[in-house]
Structure formats: C-alpha cells, structure tokens
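The values are calculated or read from the model by the stated rules, or taken from the named source; none is laboratory data. In this text the structure is predicted, and so the values were computed from the model without any measurement. Reconstructed Cβ throughout: ideal geometry from the backbone, glycine too, with neighbour counts over all protein chains shown. Ligands, DNA and RNA are excluded from the accessible area calculation, which covers all protein heavy atoms including side chains. Shrake-Rupley method; radii C 1.70, N 1.55, O 1.52, S 1.80 Å.
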Amino acid sequence: MNPGRPAGTTPERSRADLAPEQVEIRSAREEEFADIGALTAGVYVGEGHVHAESTYVAELLDTATRVRSALVLVASRAGAVLGSVTIARPGTPFADIARPGELEFRMLAVDPQARGGGIGAALVRAVIDTARAEGFDAVVLTTMPGMADARRMYDRIGFDHVPERDWATDSGLQLTVMRLAL
C-alpha cells in the first residue's frame, strides 16, 4: 500500500508504463514509408527544428530514397508507426559525419503521443546493436540545439559531445556531434 494514495486506488498509467515488449523494432516496410516520412517531417517541422519551406523537408518525407542507401528502422505497436531512425554507413549518401569505423544515425523521430515509453531509446539501442553486430568501433550522430529531450537521452545512453566535429548547415544552424565508443 502506498501511504500517499488513498486505499483502493491505483496510480494513473503513464506512457512510461507502456509494455516495451509490445513495441517491435524492425526494418521499415514499403507500406509504412508514407507514415514514416509524415511522422519524421511532422516532428522536425512541428517542433520547430526545420522550417516548413526548407528543402530538408522533402528528404525527411522521402523514406523510399533513404531505404535505397541506408537502413530505416521503425518502432511499431499493433501496426501503428510510433518512431523511426535512419542508419547510414560511412561513405554512403546519408552519412554526413561518419568516419571509417563509425555507424551514423539520423532522422530519429518518435510520435509525440508515444513519448516517455522508451521508444526513442529502444531505436538508439537497435542502432548500437547493429553497430556491434557489424563490427563498428563507434556510433555517431548530429543533433540540433533545440532537441533538448533527445540530447538528455543521448547523454543517459553514454554518448559524448565531440566539439571539434561540430558543424553548421548551409543556413548557419550550428549542429552538435555526439559519439559513443563501442
């Protein structure tokens, strides 16, 4: 019995209490490409990380192109797309910062209604597992200044800021590079 709660009551179920085993992390399926693109662009534009007029929006929407040269993972529950991430190997079209021996991930997006349940962390762990399975030495990512929640998650997982690798977009937005040695 919890002394802070009246007898016979139960705590409200939070999003963090959702059963993680009900979430499936796997490669994206073609029939999900539109949902993945809409989710990713919706998060990046809707939360103010990317301007709606930016040419980057088309890239965020175009899951089919990403799948041709990168691995796109999806988190789903009961057939609904809850999140996704793009994994880019060094020297491939979607690798912005990966050096030899590093696996890069980009475009991590989680449906705002599904946040707090560990979906973003599960997707990042899937990237780390992929890197280990393929013999990479590290995982790298770029994050934006406004992505404070994501940054806290990366810090908790063990990523370190690598300031000498920080860079800026063509529009001048300063970006932060983080790295996890494996």
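Structure data summary
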{"quantity": "Percent of Cα-Cα distances greater than 20 Å, calculated over the chain", "calculated": "55"}
{"quantity": "Karplus 3J(HN,Hα) series, Hz, for region 124-129 with 6.51 cos²θ - 1.76 cosθ + 1.60 (x for Gly, Pro)", "calculated": "5, 4, 5, 5, 4, 4"}
{"quantity": "Surface share of carbon and sulfur [accessible, 1.4 angstrom probe, percent] for region 97-166", "calculated": "48"}
{"quantity": "Amide proton proximity set for Gly83, modelled H, under 5 Å, gap of 5+", "calculated": "Ala75, Asp111"}
{"quantity": "Euclidean distance of C-alpha centroids, region 29-101 and region 109-175, integer Å", "calculated": "13"}
{"quantity": "Probe 1.4 Å, accessible area per residue of the chain, Å²", "calculated": "53"}
{"quantity": "With every protein chain in place, region 19-74: carbon and sulfur % of accessible area (1.4 Å)", "calculated": "53"}
{"quantity": "Peptide ranges 156-164, 135-143 listed from the most packed, as the mean C-beta count within 10 angstrom indicates", "calculated": "135-143, 156-164"}
{"quantity": "Simple label model, 7 Å out from Cα along Cβ direction - Ser27 to Asp170, nm", "calculated": "3.2"}
